[in-house]
Every structure is written in structure tokens, then in C-alpha cells.
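Remarks on the structure that follows.
Where a number appears in this text, it was derived from the coordinates with a stated rule and is not lab data. Just so we're clear, the structure is a prediction, and the values are computed from it rather than from any experiment. Using ideal geometry, Cβ is built from the backbone for each residue, glycine included, and neighbour counts are taken over all protein chains shown.
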Amino acid sequence: MARLDVQQKLEILADAAKYDASCASSGSTKRTSKGGKGIGSTTGAGICHAYTPDGRCISLLKILLTNSCVFDCHYCINRKSSNVRRARFTASEVVDLTLAFYKRNYIEGLFLSSGIIQSSNYTMEQLVEVARQLREVHDFRGYIHLKTIPDADPDLVHQAGLYADRVSINVELPTTSGLARLAPEKSAERIDGAMAKMKSDIIDTKDARKKYRHAPRFAPGGQSTQMIVGADSANDSDIIVRARGLYHDHALKRVYYSAFSPIPDASSVLPLKRPPLMREHRLYQSDWLMRYYGFEAGEIVSATDPVTGMLPLDIDPKLAWALGHRDVFPVDINRAPKAMLLRIPGLGVRAVSGIIASRKWRSLRLADVARLTVSIAKIRPFIVTPDWRPTLLTDRADLRGLVEPKAEQFELFAA
Amino acid sequence: MSTPATTGSDDGSLGTGPAGALRAVTLAAPDDFEGWRSAARALAIADIPPDRVAWQVAGEEQDLFAQAADAAPPTATARSRALTVPQQFIDLARSAVCHRNPERFALLYTALWRIQRDPGIAHDRANPLMKQIDELAKSVRRDSHKMRAFVRFREIEDDDDDGQERFVAWFEPEHHIVRSNAQFFVDRFANMRWSILTPELSIHWDGSTLSEGPGAAKADAPPDDAIEDVWKSYYKSIFNPARVKIGAMTKEMPRKYWQNMPETALIPGLIAGAQARESGMIATARQVRLAPGSNRAAAWAALRDEALRCTRCPLHACATQTVFGEGPVDAQLVFVGEQPGDQEDLAGHPFVGPAGQLFDRALAEAGIDCATTYVTNAVKHFKFVARGKRRIHQSPTVGEIDACRWWLDEERALIAPHVTVALGASAARALFARPMPVGESRGRPHALPDGSAAWITVHPSYLLRLPDDERAAAYAEFVDDLAMVAAQIG
């Protein structure tokens, strides 16, 4: 095989990394490069430096150190039995690429993962070495996200957390039976154990920093994970309940849902076609309802079809929940508690805070609510204002037809 | 820039003239927040109504304004008092001032004036004026954020010989945001020397001091950078052609920014090739699994193992076990029944009860070797009601069929049969994802989305339920259907 130059390696190792949906550069501490030797800053909020036509953002340089792997997970393009072309970066090649991209303002930092080569510990050492060089040799203060390997030595994983803003371990499949079929060499228990250990490390260092100001930071951006949707038999309620468990048990910052998509040289174990991208979108919406709107997982499950356990694709889960709970509507905009305002379909977090700020001073009328929202038509059936009451509207059998979006083409290339 | 705001009421930047006359305020720059703030404070304390003030920016003055204004000082003594506004409003104004809308200074002063009379307005985004200002601020914040995201530096050859790198970017913001955004770039690239050139203003950082220069032209920035090719490689490779969401991309990366982002030149090509790449991957995967030496048999076994633990619908709770399909994984012919019956549920195998025995006899008469066919069911758990000791079969609902379709689709995708035969309405519903009346549909092939053929006929248990005098004819018709299918397979 001819020697690959860095650009060719990048093509292979970025292609190999693109099935990881996470690209967030948010949630970390605030840093600047002032007073240092190098470059880099974080503001707490992430920045997306570009978007590709798949609708995903480029915030970080997301690559694998190598796409060689001793595992043979059927869903993965880099599995041992795949005929994909292999490549491997040296640590300094990754460091140079990261800095060259960062100086041109293409990225917020690095998201480094790797296939498992030789052993879990060896691979973890290589990942940590890249982060160490960036931080210690180049005083790089941008964002670093490291994928950690469940079986690696806890000390190595701990080192990763000392250099990285965020660490992650992917649960990969929402169900253990799905994991058994698609990644027979991975163990749901080990993945769970690694996440639990990471959680306690994060909590310990936070406690230490309360006592000692100079105690080292440890993964200040927390940990995240990813589930592949549509490759196993899990339905939406399985996924929602699993996500709730992950947030609750491991205090995850984010759970990513990645609609399984066809890969080159796929194993026969993998389905041929992907699920509708709208399914992934609905799961993200349900995730938002849990994290920002005060919904319990069980409430969102109640919005799924009782037999299939699937969320409707044509309406969002919040509207689906409201249509199933008409007895709590209409909600009085001027009197209802915040938690109830957040449950009104079509009303976002910002609009609710606007309502709460305004109604301290005066009573809000329908036109006022309209000014705080995108579409008053969607909200109107669910609210009461001094000049508006949806007479019997919530009792109408055809309510869904009044509020659901007009049929539209959800996807350009539906498979 | 103007001097920082003071609490004084007699700001020198205000003109002089009698009360009620039009006053012209000239601000030092289009983003001169401090200038607006000190002038607005003096005007508000002097109780000058908004419609008596004309706001303009130095260098953009209009003659009409200058003539109309009679340059009167605010009579500050009349109602001189402390002026207070919530910090929230100050922050909002600081953003909104950077908007390119020429009315921004007047709108903000109007709001300040009204807040003095009704303090609640400052917190009230539902107020039409505050809503308008909020929109201005939102647009400015978005433009600021996009500048942080979309500025692209290019390295330039250094004139000095100190060996330090130097970077230059050309950017075209929508609003007057460059000055207020400078600190972000200083914080981030403190130890780098760089310039950001824009049509209105240029900023330069030499590693210790930020300086400003006049506006520039695109030609003043370097035309390229060797690393851009590597960056484009990355952009191309990180794109997943199997998921195209163009709307999601343009919502966050509007086209107006594309001209100064080198990677966007690749977008049309990536979109144009995406569908072919995705269907190519699916076609290859289909071929690979049919090729000798594929792991198809292992894949089928893994699928069955996962199905044994299926909880996709509530039927798993009462049934004994999942009854998965059976037969060779390279079968040309797949039969789909409705669901396992009482005996199948206990045995764990499909088509072993009375209907299965009838089915085997009909297959033999139609000349089909049952050892070469794959048999499965639309629903893989037994659905029943208990009547004493007996378990009475119940037809599955559409929801149960839909929930179970995932397995049938995966079975068929692995086996890739030439012909699939639906036995009865439930099976037909599962195959076509819509109701297919058996009587009208039988006797001829139907195309499935994957290009293979489907036939629809009755379920053998239907024959068992018929009165004796009708059964023979119906059975013969069933065998005829099967014989037609046999002819298709050849």
C-alpha cells in the first residue's frame, strides 16, 4: 500500500468518524488564551463553524486516530471484517491539523476517537497523548472531546478527563438484545460500569474544587453518549425510557440519537435501509421535553402509540401529548404556573419566559401572546386570555386536523 | 468613539434651542452605544419627547436634518432627576444599537422615554415597541454569533522577518458588529497576529494591542491558503450522503454567508451525488449478503435471537414465546401467515397446527417442495382470549401488525425472495402496509417496493372454518393460486 499523506488519511479517518452525531462544543468552563503561550478559548456556549448538507454542524475536528479495529461490530464501518481502507494518524499529525484548522477559525477544537488497536489500554494511551500534547506542549485552550474506551484502565480514563472538556462512551444500541446482535463483543454492563465510574470521577473533582480552588478540573463539559436508532428492534418508548435512565443514573449532559444510515461494505446483520430521519427528529424533541420542559419519560411514552410504542411522525410529541390530555386545556395564559405554560403546544421556553415577565406588569391579551410566539394559530386552541376562549374546541374530535401541520415532504430522499 | 456615559444632564453633544424645537444628536459611529446612552440620558432628564429628536451618525448626516434642527439645549433644570432603567434594557440597547436599521437610535430613545412613565415596559417583550427592539437585538446577536463562526482566516506571507505567522480574514457582516465582537477574537487568538477586514471597518491584533483601520475590500485579503484544500477534504468526508437535510443546513448557515466560506463551493456537488451514493451503498449491501460466503445465515440467527426477546407490542406479555420464521435463508419463496396459533405458540414453530397441516398438503398438490420455502407470520406472538381452558384465537389489530412489520421486513431483506405470498388479509396488510382485499387481489402478482413479486391468497385456517359443502371448491382455488406461484418460481 502506498504511503498516505495527511490529507488522504484525513479523508479516511473523518469518513470513519462521521457516524458519531455528537459535535457539541458547549457546557465547558470559560477560558481565553490571554496570558498563555498558545491559542484557544471557550465561552460556555458552543459555536458551529459550518454545516454540511446532512444538516449536521461542524464544530469540532471529528476524526479517529485509526480506523483499524480488533472488534467486529456489525453496525460499524470500521469493524474488523470490513473492506474499508485503513489509516492511522500519528499524535503529532492530529495536533498539527487541529492547530492549523483552529488558527483559521474552522473549528472549536478536537473530537478524537479511535478503533481499538492492540489493546484497550494502548489505544486509550494514544488518545490521551494527543490531548496531552495539545494542552501541555502547545497550551491549547480550545475544546477537546475524547471518546473513552470502556475496558481501558481507570487511571488512563481519568487522565483523559483531566485534559478533555467532555468525555463520552457510546451505548450504541438502546436495548441489550440489540447490542447482543449488532455488537456481540461489547457488553452493556461494562459500558454502564464505565459511565458510572466517569460520573463519580466528575462528582469527586467537583467536590474537590469546592474545597481547594486549585484542584484540577475533570471533564467540565460532562459526559455524553449516543444511541443508534432503527438498527435494532427498539421502539420509541424503549428509547425514551433508556434515555431517561441514562440521564438519571449517569447524569449525562447529552444523549445523542443517530438514525442508523447505510454504510459502505455493510454486514448482513445490519438492516438495509435507514428509518425516516423524522423519527430521529421526534426523539430529539422528546429529549428536549425531558430536559427543558419538565416532562417525565412516562408522560412522553403516553404520547406514543399504545400498541407500536412509536411517536407520531406527523406531529411533534408535545402536541401528541396535549391531544391525549385535553382535560388540562385550555390553559389561562395570565394565571397558569410556568410548568403548565411549558406544556402548551407551540410555546417554547423563551416565549414562556416572555409571558412570565410581561404578566407581572399587565394582563396579556391574544395579540400579546402572538407577539411572543411564531404561530398563534397553533397555540390558540389550547389557551385562554381575557379576549379569547376556545369554545369547546378541545372537545372537538377533529382538533388534530386543526392543529397538525399540512402534509409536507419531510425528507428529500426518503429511502 | 464618544466619551463614556456620565450621569450629567448637560451633555455637550446636544444642540441648543428652545423647548419643543427639533434637536439633532450626532453620534460618533454607527455602533456608538455610549454616545447614544449619554445623549439619551440627557434628553430624557430634560424631558424632550422622542418626536423632537433627530438621530444621526457622523459622516452620514443628511442636510434636511441639519436644517430642521434648531440646536437647542435641553432645559434640564425643569424636571432634573435621577434616571434609572433596568440593566436588562441597557443590555438590550447595547445589542440593538449595532443594527443597520437607521431608526434604531430613535426606537431606543422612544422606549427609554416610555419606560420613564411606565417601568413595566422594560420587561415586556409583548409590548409592540419592545418586541421591535428585541427583534433588532436578536438579529444583531445572531449576526455576531455567525461572525464568530464563519470568519475564515488565511495565512499571509510575512513582510517582517520575525518568523511569526500572520492571518487575515475578509468578512461581510449584516450589522455594525465588528467592534463589539473584537474582544472575542482577541481572547481566542491572543498569541496570534491577525486582521479582520470588513467593508466598514478593519481590526488588527499584533499580539498585544488591538487597532482599528478603515473599511477594506475583498481584494485586500489573501486569495487563498494552502490548508483550505485540507479543510475541504474534511468537509467532504464528514458529510453523510445517506442523510440529506438541506433545510437544516441553510437554516443555520444562510446563503448570504457562503461567499466567504471556501467549503461551501462543495455543497452543490455533495447534494447532487448523495442519492446515488446512498442507493449504491444499499445495492452493494444487498449483493454482498446474497454472495457465497456472506454471513447471512449468522445474521438470520442473530435476528431470530433478538426477536425471541421482542417487546415491541403488548402481545409478548401473554404469549408463550416468539414464533419466528423457519426455512432456508436462501429460499426463493416466502409464505407469510397471520400469527402463530395455540399449537404453534406452545411448540415455538410456525405452521404446525391443523392449518399448517392443510397448508402442507396444498403445497404438495401444487408441486411446491416445502423444504425449499421459508414460512413466517405477520405477527410473531399468539393473540388470544382465554375461555375456560381454551385459548381462542383473535385477529391481530393493524397496530400489532405494524409493530411486528419490522421483523418481517428484516427477514425478507435477508432472504431476498423472488416471490412472497401473503396468506390472508393480515399478511397482505403487513407486506403492503395498507389494506389489500384478498378476494380482489388474488390470482395475479403485485410489485413490492423492493422490486420483487407478491401474491395474495386466503389463509388455510379460513378453509378450515368454511362449511363442508363450500370447502372443497375453496381448497381447489387455493391450490390453483399456489400452482400459479409455483409456475413463477419455475
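Numbers at a glance
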| item | result |
| --- | --- |
| Listed residue (B:GLY337, B:PHE432, B:ALA96) projecting farthest to the positive dipole end of chain B, Cβ model | B:GLY337 |
| Chain A - Rg over Rh from alpha carbon coordinates, Kirkwood radius | 1.01 |
| Cα pair distances of the protein assembly as shown binned at 20 Å [whole percent] | 12, 36, 33, 14, 4, 0 |
| Within a Gaussian network of chain A (alpha carbon springs, distance under 10 Å), most fluctuating of A:ALA183, A:ALA367, A:ALA152 | A:ALA367 |
| Cα pair distances in segment B:151-220, grouped into 5 Å bins until the bin that holds the longest one, percent each | 4, 16, 30, 27, 16, 6, 1, 0 |
| Other protein chain Cβ atoms within 10 Å, averaged over every residue that makes up A:25-34 | 2 |
| Test item: B:122-134 mean partner chain Cβ contacts at 10 Å | 5 |
| Förster-model FRET efficiency, 60 Å R0, B:ASP330 and A:ARG400, C-beta, rounded to 0.05 | 0.85 |
| Shape call, segment B:284-412: gyration tensor on alpha carbons, a/c limit 1.5 | oblate |
| Charge-dipole axis of the protein assembly as shown as Lys and Arg at +1 and Asp and Glu at -1 on Cβ define it, positive-most pick from B:VAL85, A:LEU64, B:ALA216 | B:VAL85 |
| Cα radius of gyration and Dmax for segment A:82-159 (Å) | 13.1, 39 |
| Cross-link pairs A:LYS103/B:LYS245; A:LYS206/A:LYS253; A:LYS318/B:LYS131; A:LYS273/B:LYS232; A:LYS34/A:LYS253 - those with Cα-Cα distance over 21 Å | A:LYS103/B:LYS245; A:LYS318/B:LYS131; A:LYS273/B:LYS232; A:LYS34/A:LYS253 |
| Dipole axis of chain A (+1 Lys, Arg; -1 Asp, Glu on Cβ), positive-most option in A:LEU366, A:ILE107, A:TYR51 | A:LEU366 |
| Number of partner chain Cβ atoms within 10 Å, mean per residue of B:302-309 | 5 |
| Fraction in percent of alpha-carbon pairs per bin - 5 Å, segment B:227-290 | 3, 15, 21, 23, 17, 9, 6, 4, 2, 0 |
| Antiparallel %, DSSP beta bridges [both residues in chain A], to 5 | 20 percent |
| Size of electric dipole in the protein assembly as shown: Cβ of Lys, Arg +1 and of Asp, Glu -1, about Cα centre, debye, nearest 20 | 2320 debye |
| Percent of beta bridges antiparallel (DSSP, the protein assembly as shown, rounded to nearest 5) | 35 percent |
| Folded to 0 to 90 degrees: helix A:349-359 orientation relative to chain A principal axis, Cα | 40 degrees |
| Pairwise FRET efficiency - A:LYS210 versus B:ARG142, Cβ, R0 = 60 Å, nearest 0.05 | 0.95 |
| Ranked packing of B:106-115, B:199-208, most packed first, by mean Cβ within 10 Å | B:106-115, B:199-208 |
| Dipole magnitude of chain A about its Cα centre (Cβ charges: Lys, Arg +1; Asp, Glu -1), debye to nearest 20 | 1680 debye |
| Enclosed volume per residue, in Å³, of the convex hull spanned by Cα atoms of segment B:347-490 | 124 Å³ |
| Estimated translational D of chain B in µm²/s (Stokes, Kirkwood radius over Cα pairs; 10 °C; 1.306 mPa s) | 53 µm²/s |
| Hits among aspartates and glutamates - C-alpha to C-alpha of A:LYS378 under 20 Å, sequence gap 8 or more where chains match | A:ASP314, A:ASP316, A:ASP327, A:ASP332, A:ASP368, A:ASP387, A:ASP395, A:ASP398, A:GLU404, A:GLU408 |
| Helix axis angle, B:468-489 relative to chain B longest principal axis, alpha carbon, degrees | 60 degrees |
| Sorted largest first, extent of segment A:313-371 alpha carbons per principal axis (Å) | 38, 21, 19 |
| Residue among A:THR308, A:THR32, A:THR42 with the largest mean-square fluctuation in a Gaussian network model of chain A, springs linking Cα atoms under 10 Å | A:THR308 |
| Estimated [θ] at 222 nm from DSSP helical runs (n ≥ 4, -39500 (n - 2.57)) normalised by residues in the protein assembly as shown, nearest 500 | -12000 deg cm²/dmol |
| Degrees separating the helix A:91-103 axis from the principal Cα axis of chain A, which is the longest one | 50 degrees |
| Cysteines in the protein assembly as shown lacking a second Cys C-beta under 4.7 Å | A:CYS23, A:CYS69, B:CYS98, B:CYS310, B:CYS313, B:CYS318, B:CYS370, B:CYS404 |
